[in-house]
1. In region 34-65, what residues are touching a residue at least 12 places away in the same chain (Cβ under 8 Å) and either more than 14 Å from residue 5 (Cβ to Cβ) or out of contact with any helix residue (DSSP H, G or I) (no Cβ under 9 Å at 6 or more places or on another chain) (or both)?
2. Residues in region 30-65 that are modelled with pLDDT of 95 or more and not in a helix (DSSP H, G or I): how many?
3. So which of 27, 21 ends up being in a helix (DSSP H, G or I), surrounded by fewer than 12 Cβ atoms within 10 Å (Cβ to Cβ) and modelled with pLDDT of 90 or more?
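The values are calculated or read from the model by the stated rules, or taken from the named source; none is laboratory data. Computed from a predicted model, the values in this text were never measured in an experiment. Here the Cβ is made from the backbone with ideal geometry for all residues, glycine too, and neighbour counts use every protein chain on show.
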């Protein structure tokens, strides 16, 4: 599970870099690129949050896992 968290954090880092790049070089990106990147960031953060909640829940209640 740790690898999943690390990969999600890496994806978030790349998305944030791409968002910054799209802001600086608007002529290289679609007009709605920042919006789509923001949506992707929100989805990855939501999945990461849900996974963390599942891990915490499993740690608190090991019989349920």
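1. At the first step, the residues of region 34-65 found to be touching a residue at least 12 places away in the same chain (Cβ under 8 Å) are 34, 37-38, 40-41, 44-45, 47-48, 51-52, 55.
Correct list: 34, 37, 38, 40, 41.
2. 0
3. Only one candidate qualifies: 27.
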